[in-house]
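Undergrad: Handing you a structure now.
The values are calculated or read from the model by the stated rules, or taken from the named source; none is laboratory data. Keep in mind that what you see is a predicted model, and the values were worked out from it rather than measured. Every residue, glycine among them, receives a Cβ derived from its backbone with ideal geometry; neighbour counts consider all protein chains shown. Surface areas here come from the heavy atoms of the whole protein model, side chains and all, with no ligands, DNA or RNA. Shrake-Rupley method; radii C 1.70, N 1.55, O 1.52, S 1.80 Å.
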Amino acid sequence: MNDKFLKKLGRNISDRRKANQLTQLSLSHATGVDPSYISRLERGIANASLDSLLKIATALNCTVKDLIPDSNNPID
């Protein structure tokens, strides 16, 4: 998978998490997703499963689509 895509996805997750005033650990508890996996996702070094994205989106009160980088805009 494209490294820039993963980094942007990770940035989107991190930004949403911080906007919800959650730590990686509290997001982990809310989702059942391992905190080290959340850390790797946010750093853009792990591929996200659909199941994990759904759990994360639910905990962040958004949709999976909100987390996915916009394919109409260049990925910086």
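Undergrad: Assess whether I68 counts as being surrounded by fewer than 19 Cβ atoms within 10 Å (Cβ to Cβ), under 10 Å from the mean Cα position of the chain (by Cα) and in contact (Cβ under 8 Å) with a residue 12 or more places away in the chain.
TA: Judged against the criteria, I68 is a match.
Undergrad: While we're looking at this one, here's another question. Consider region 20-59. How many of its residues are out of contact with any Leu (no Cβ under 9 Å at 6 or more places or on another chain), under 24 Å from N2 (Cβ atoms) and among the polar types (S, T, N, Q)?
TA: Counting residues in region 20-59 that are out of contact with any Leu (no Cβ under 9 Å at 6 or more places or on another chain), under 24 Å from N2 (Cβ atoms) and among the polar types (S, T, N, Q) gives 4.
Undergrad: Restricting attention to region 21-45, which residues are open to solvent by less than 80 Å² (accessible area, probe 1.4 Å) and closer than 21 Å to D70 by Cβ?
TA: L41, E42, G44
Undergrad: Of the residues K8, K55, K18, which single one is open to solvent by 20 Å² or more (accessible area, probe 1.4 Å) and touching a residue at least 60 places away in the same chain (Cβ under 8 Å)?
TA: K8
Undergrad: Show the residue pairs meeting these rules: Cβ distance below 7 Å; 6+ apart or different chains; first residue within region 29-42 and without any contact (Cβ under 8 Å) to a residue 60 or more places away in the chain; second residue polar (S, T, N, Q) and open to solvent by 50 Å² or more (accessible area, probe 1.4 Å).
TA: So the pair list comes out as P35/Q24; I38/Q24; S39/Q24.
Undergrad: If you scan region 23-71, which residues turn out to be in a helix (DSSP H, G or I) and either of a type in the set (D, E) or closer than 13 Å to R11 by Cβ (or both)?
TA: Across region 23-71, the qualifying residues are L41, E42, D51, D66, L67.
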